[in-house]
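Comments concern the structure below.
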C-alpha cells in the first residue's frame, strides 16, 4: 500500500492536469476527495508523531513535518485552482463544509469516548458489587463452619 503523501501527490497531480486540459472542478471531484482524504491522513500522522512519547528520532519528526508542509502547499495550490476555475466563493464553501464535517466527527468521537467511559464505570460498579457479594458469602460460609462445631 502506498503512503498517504504519495496518494495525495498523485491525486493532486490528477486534479492539476485535469484542470489544465480544460476539465471543470466537478469533473475531477473524485480526485479532490481522494486528495483531501489523504491530506487528513498526513495531518493525523503528524499529530500522532508530534505528540508521541516514543518519537524515535528527529529524522522521523522532520519527515512528518515536511510531508505536512508539502500537503499544505498542495492545498494552497488547490485553493488557487478553486479561485480561478471554480464558482465564486467555492473555496470558502468547501472550507465551511469541511470544517462542519470535522466538527461532527470530533463530536462523534467524544460521544463514543463518553459512552466507553460510562460502560467502564458500570462494569466497575458491577465488579465491585460481585466482589462484595462473594466476600459476604465466603465470610458467612466460614462463620457457619466455625459456629457449627
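The values are calculated or read from the model by the stated rules, or taken from the named source; none is laboratory data. All figures in this text were calculated on a predicted structure; none of them were measured in a lab. Quick reminder, even Gly has a Cβ in these numbers, built from the backbone with ideal geometry, and neighbours come from all protein chains shown.
Some values worked out for this structure:
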| item | result |
| --- | --- |
| Check on residue 2, assigned to a loop (DSSP other than H, G, I, E, B) and touching a helix residue (DSSP H, G or I) at 6+ places or on another chain (Cβ under 9 Å) | yes |
| Every residue from the range 66-91 that is in a helix (DSSP H, G or I) and at pLDDT below 85 | 85 |
| Residue 97 vs. criteria under 27 Å from residue 17 (Cβ atoms) and surrounded by fewer than 11 Cβ atoms within 10 Å (Cβ to Cβ) | yes |
| Close pairs from the range 15-33: first in contact (Cβ under 8 Å) with a residue 60 or more places away in the chain, partner in a loop (DSSP other than H, G, I, E, B) and buried (at least 16 other Cβ atoms within 10 Å of the Cβ), Cβ under 8 Å, at least 6 apart | 25/86 |
